[in-house]
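To start, the structure under review is shown below, and the notes come after it.
The values are calculated or read from the model by the stated rules, or taken from the named source; none is laboratory data. Just so you know, these numbers come straight off a predicted model, no measurement behind them. Methodologically, a virtual Cβ is constructed for each residue, glycine included, from the backbone with ideal geometry; neighbour enumeration extends over all protein chains shown.
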Amino acid sequence: MLKPADLLIVGAGAKATAIATKVHAVNRLGLGPISLKIVEGVEPAASWLGRNGMTSGEEPLAVTPIKDVGFPYQSFREFGEAGEALDQAAMSFSWQQYMIGRRAYARWIDAGSPSVRHRDYGEYLTWVLSRATEGVELVHGRVTEVSLDEQRRWQVEVAAPEGPAQHLGGALVLTGPGIHRSFPHEPSVAEWVFHCDSKREEFARLPENRVCDVAVVGGGESALSCVMFLRGLRPRARFTIYTPLLPLSRGESFLENRVFSNPDEVEWSSLDRTTRSDFVKHSDRGVFDPPSLGAIAYDERCDFVTGRVTDVGSDGGGGVRLEYESPAGGGGGAEHEYVVNCTGFDLLAQLRELFPAALREEIESLVGALWERPRGVEVPIGRHLELAGMEPRLQIPGLAGLSQGPGFANLGALGLLANRVLAPLLPASLSDSLAENLSKANDSSLLFD
């Protein structure tokens with residue numbers, strides 16, 4: 001008989017790693033037990049290591065790695081005195097500890113704490129998951145379907161190397177970016193259209209020994225990663241980047257950064273939707289990190305066009321023609337050989353594929369329209385990053401940026417994200433439970449091997 005985990009997570013990326021860190025700490029402090037099962041179809045940190053999808057792993061991380069799996073280390077806000085002990089335990093999984101273990105910390109500091117590559121960050125996450133093991137199980141296999149069993153527990157069907165398997169959980173966390181957003185193009189030009197989740201080997205179709213003309217549609221980090229990757233893969237290619245917003249460099253102030261680390265301080269959930277939406281757009285869309293923007297700003301192979309692509313059709317000669325709308329309301333068109341859809345990812349589209357129709361109908365009967373919701377209607381996400389109204393809990397941090405705070409949809413506050421997800425599994429009297437174990441919490445040798 002299958003034993004359900006307290007928490008099931010689909011995907012072993014940064015968010016799952018942060019949650020695993022806190023579960024490990026909770027169990028070692030004697031505040032559990034909490035059982036966590038993470039199901040990963042490729043490998044831990046697959047999106048960061050550069051061996052899967054389009055990214056090469058060489059792109060610079062858009063945030064400082066000091067914002068690691070425990071950041072912002074303010075768990076006292078959620079758990080009181082017990083939160084301080086949890087943060088102390090989580091420090092053993094910090095970026096600093098990782099670099100010290102590699103004997104590279106002083107060198108990194110002396111160099112001015114430079115940006116690190118996606119690959120470096122992926123290796124850090126892999127290191128954390130290899131150590132955060134108390135009550136944590138990593139399952140290798142691809143999730144093919146998600147449903148509810150007769151006892152209303154989450155059940156995931158997994159295509160594992162050793163054969164099909166089922167896993168149960170009391171609550172479910174869905175992570176990862178989802179699948180690429182739908183892109184308006186005629187079926188006849190599909191062979192000239194790539195997407196932000198296309199595999200690296202697919203781009204080998206781009207001509208290598210001559211100049212080729214590539215349009216990149218999108219203004220976020222996936223568009224930047226695409227350009228940086230393709231500039232190296234095809235040095236003779238020319239790129240035109242179509243972005244609905246002006247290309248901005250990332251340079252948040254202290255006031256902006258604290259919204260990520262402590263959205264309660266600005267009463268984020270009480271702000272009107274327009275204010276929250278504008279902040280998220282500034283932080284996550286059309287924003288490039290300065291070194292990467294500088295690398296392409298003076299590259300004569302790269303041009304920017306401010307406009308929103310509305311259609312992609314055939315140019316009549318073995319290429320594509322893009323139609324776009326400019327911010328002023330006018331229109332335009334241009335011809336290219338290839339186009340890459342980097343307009344972003346759609347997590348709800350991925351859920352549509354994983355959830356059978358009956359489950360989708362039940363979810364929408366409890367929380368309202370999701371997959372066919374009217375434009376501008378906010379997805380109802382609660383404080384614990386759950387779909388509000390859905391039982392058992394279905395937690396989707398990637399959709400929580402607008403409703404709960406901008407750091408939950410990215411790497412801005414992984415430690416806070418883990419606290420929010422785990423809070424329903426911990427007793428309200430957590431600090432009282434800690435009292436008899438406090439001496440152990442102050443002795444790191446008892447916490448970690």
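Of the candidates E59, E84, the single residue that is within 25 Å of G135 (Cβ to Cβ) and outside the structural domain of L224 (by TED's automatic domain parsing) is E84.
Residue count for the stretch 98-123, restricted to those that are among the charged types (D, E, K, R), within 25 Å of A12 (Cβ to Cβ), free of Cβ contacts under 8 Å to residues at least 60 places away in the same chain and in a helix (DSSP H, G or I): 1. For the condition within 30 Å of P356 (Cα to Cα) and of a type in the set (A, V, I, L, M), V146 qualifies. Within the stretch 188-204, being of a type outside the set (V, I, T), touching a residue at least 40 places away in the same chain (Cβ under 8 Å), part of a helix (DSSP H, G or I) and surrounded by 11 or more Cβ atoms within 10 Å (Cβ to Cβ) holds for W192, R200, F203.
Regarding G332, is this residue without any contact (Cβ under 8 Å) to a residue 40 or more places away in the chain and touching a Phe, Trp or Tyr at 6+ places or on another chain (Cβ under 7 Å)? So G332 passes the test. When the stretch 30-76 is filtered for residues that are over 17 Å from the mean Cα position of the chain (by Cα), surrounded by 21 or more Cβ atoms within 10 Å (Cβ to Cβ) and either closer than 21 Å to G407 by Cα or free of Cβ contacts under 8 Å to residues at least 24 places away in the same chain (or both), only S75 remains. Considering each of G176, G169 in turn, give the residue that is under 18 Å from the mean Cα position of the chain (by Cα) and either surrounded by 16 or more Cβ atoms within 10 Å (Cβ to Cβ) or at pLDDT 95 or above (or both). Going through G176, G169 in turn, just one is under 18 Å from the mean Cα position of the chain (by Cα) and either surrounded by 16 or more Cβ atoms within 10 Å (Cβ to Cβ) or at pLDDT 95 or above (or both): G176. Checked against the criterion of being in a helix (DSSP H, G or I), under 25 Å from R51 (Cβ atoms), touching a residue at least 60 places away in the same chain (Cβ under 8 Å) and of a type in the set (S, T, Y), the candidates T133, T126 yield just one match: T126.
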